[in-house]
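Accompanying notes for the structure given below.
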Amino acid sequence: MDTQTLIDPYDTLLLDLDGVVYLGPDAVPGAPEALREAVERGVRLAYVTNNASRTPRAIAQHLSALGAPATPDDVVTSAQAAARRVAERVELA
């Protein structure tokens, strides 16, 4: 009997935040538990957001307070993505 689950083939999840993991200040029902289970299965979580108004540390603190496993290194904001892109294209003198 095959007991493979939907998440088994994946080693990383890219997760949007607002509306997927949380709704404003509150967790989406069941999301923190599902994310903890994914980590227990060895899956890496990467939280991505186009909202650049908060730092990765602030976002990770919010996620942790909701019960979702998160560190600042797990968070990628649009500001970080833009800075990386600029750094790749602009030569510093």
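The values are calculated or read from the model by the stated rules, or taken from the named source; none is laboratory data. A quick note: this is a predicted structure, and the numbers were derived from the prediction, not measured. Backbone-built Cβ (ideal geometry, glycine too); neighbour counts: all protein chains shown. Side chains included, ligands, DNA and RNA excluded: accessible areas come from the protein's heavy atoms. Shrake-Rupley method; radii C 1.70, N 1.55, O 1.52, S 1.80 Å.
Cβ separations smaller than 6 Å between residues 6+ apart or across chains give the following pairs from region 76-93 residues that are open to solvent by less than 80 Å² (accessible area, probe 1.4 Å) to residues that are not in a helix (DSSP H, G or I): V76/V48; T77/T49; T77/A52; S78/N50; S78/A52; A79/A52. Looking across region 58-91, just one residue is closer than 22 Å to G30 by Cα, of a type in the set (S, T, Y) and in contact with a helix residue (DSSP H, G or I) (Cβ under 9 Å, 6 or more places away or on another chain), and that is T71. The helices (runs of 4 or more DSSP H) found wholly in the chain and carrying at least 1 residues that are hydroxyl-bearing (S, T, Y) occupy 56-65, 78-89.
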